[in-house]
Structure formats: structure tokens, C-alpha cells
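The values are calculated or read from the model by the stated rules, or taken from the named source; none is laboratory data. Bear in mind the structure is a predicted one, so any value in this text is a computation, not a measurement. Positions of Cβ are generated from backbone atoms using ideal geometry, with glycine treated the same way; all protein chains shown enter the neighbour counts.
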Amino acid sequence: MITVLRLGHRKNRDKRVTTHCGLVARALGASAFILSGDDDRSVIRSLEKVRRKWGGDFKIEYDANWSAFINNWKKNGGLVVHLTMYGIQLGRSLKELINFDGDMLVVIGAEKVPGSVYRLANYNIAISNQPHSEVAALAIFLDRLFGGKELENTFNNAMISIIPQEKGKRVQFNSYERFNQSVKPYHK
């Protein structure tokens, strides 16, 4: 199981990026997303709405005490991977991470990450040692970790499904009566 912990969320500044981190986590194979920092129920509601419509068992929670969360994670035998541009290149530890047979916590920051996170993490991993987006870092990390297999994920209990095709758009509504009536079906 992979859980993503979003540190230092700022309600007035990070809403969109944090939501995108949650969307990437869900779509690319994580089981849960933990929001820390400002308690922003709008982000949680947005992610829960996506989960209800598009399916899956993705868990979304808020935890104000990220430090205790990380310590408990480690105490229960979980591995902590902090994505940071200051870490070592992903390729140097990828094999170890792929072979880890347990629960993994992937930590991504919003604001300046406290130094204690670097000490608590089992791995401080850099996708690049240049400034970049935590959304991109998370996507690349999960893709490399799963070897691209996550791109084929299907989600149970989906009200909406995309029917892949070379041209046009095809959407299947599996439970239209439960679906938000403001969304109109679109077929081309």
C-alpha cells in the first residue's frame, strides 16, 4: 500500500496544486492521500467527489500532526520516502524501493519542508536536482515505482468510465441515477 502525505498545505495558496497531487496519487496507484497543514475541506471534498464518480477505494483524510503520523508509520514498519530536489537521484534507490514489501509513505511538501522530515525519511529522493513541481515529481516517482503498470489501472464502483479510442471521446455512465445531474453525457 502506498500513501501520499501532503505537508504544509496552505488553504489560500495551494488548493489547486494539492488537489492535483491527490488526483495523481489516486490515478497512478496510491491507496490513500493524507492532507496536512491548513485543514482545507474543499480539497478533501473535491477528491472525494472524484473518487465517487470515477471509482476506486482511495482514502482521503486530514491529519494536523504530520510528525506523529510519520513516526507512527515508521513504528508500524512502514517505509518513508520524501520527494525533494535535495535528495539522491531516484535511479540510485529505485530497485530497493521496488523490492520493498510493505507499506510506503510518500511525502511531498508545499511550503518549505522542516529539516526533521529529511531526518525522519528512510529515503530523500530527487526526481531532479532542479526546481520542479511536486505534482510532476509524484507522477514520475509512482510511474517508475510501478513500472508503468499503473497506467492500465481500472477502478471498481466507477459511475463514469472512459472507453479508450483513437479518435473522439467516449464516456460510459455506469450509474447515471447516482451521478451528479449537472453533468451531461458527452459522446462523439
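Yes/no per residue for (1) exposed (fewer than 13 other Cβ atoms within 10 Å of the Cβ); (2) touching a residue at least 12 places away in the same chain (Cβ under 8 Å); (3) of a type in the set (F, W, Y):
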| position | (1), (2), (3) |
| --- | --- |
| K74 | no, yes, no |
| H82 | no, yes, no |
| V106 | no, yes, no |
| S116 | yes, yes, no |
| N122 | no, yes, no |
| F146 | no, yes, yes |
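Among the listed residues I140, I163, which satisfies the condition of being modelled with pLDDT of 90 or more and over 26 Å from V17 (Cα atoms)?
Working: I140 fails: over 26 Å from V17 (Cα atoms).
Only one candidate passes the filter, namely I163.
Pick out the one residue from E152, E96, E134, E166 that is among the acidic types (D, E) and within 30 Å of R41 (Cβ to Cβ). Working first, answer last.
Numbers: E152 fails: within 30 Å of R41 (Cβ to Cβ); E96 fails: within 30 Å of R41 (Cβ to Cβ); E166 fails: within 30 Å of R41 (Cβ to Cβ).
Only one candidate passes the filter, namely E134.
So is I88 surrounded by fewer than 19 Cβ atoms within 10 Å (Cβ to Cβ) and under 19 Å from the mean Cα position of the chain (by Cα) or not? Quick ask: steps written out before the conclusion?
Values: surrounded by fewer than 19 Cβ atoms within 10 Å (Cβ to Cβ): yes; under 19 Å from the mean Cα position of the chain (by Cα): no.
When the stated conditions are applied, I88 does not pass them.
Comparison of I98, I88 shows that the only residue that is in a strand (DSSP E or B), at pLDDT 95 or above and under 16 Å from L145 (Cβ atoms) is I88. Quick test for you: out of A64, A30, pick the one residue that is at pLDDT 95 or above, in a loop (DSSP other than H, G, I, E, B) and within 27 Å of N157 (Cβ to Cβ). Selected residue: A30, the only one of A64, A30 that is at pLDDT 95 or above, in a loop (DSSP other than H, G, I, E, B) and within 27 Å of N157 (Cβ to Cβ).
Of everything in the range 18-48, what is without any contact (Cβ under 8 Å) to a residue 24 or more places away in the chain and of a type in the set (K, R)? Give them in sequence order.
So the first thing to find is which residues in the range 18-48 are without any contact (Cβ under 8 Å) to a residue 24 or more places away in the chain, and the list is 41, 44-45, 48.
Correct list: R41, R45.
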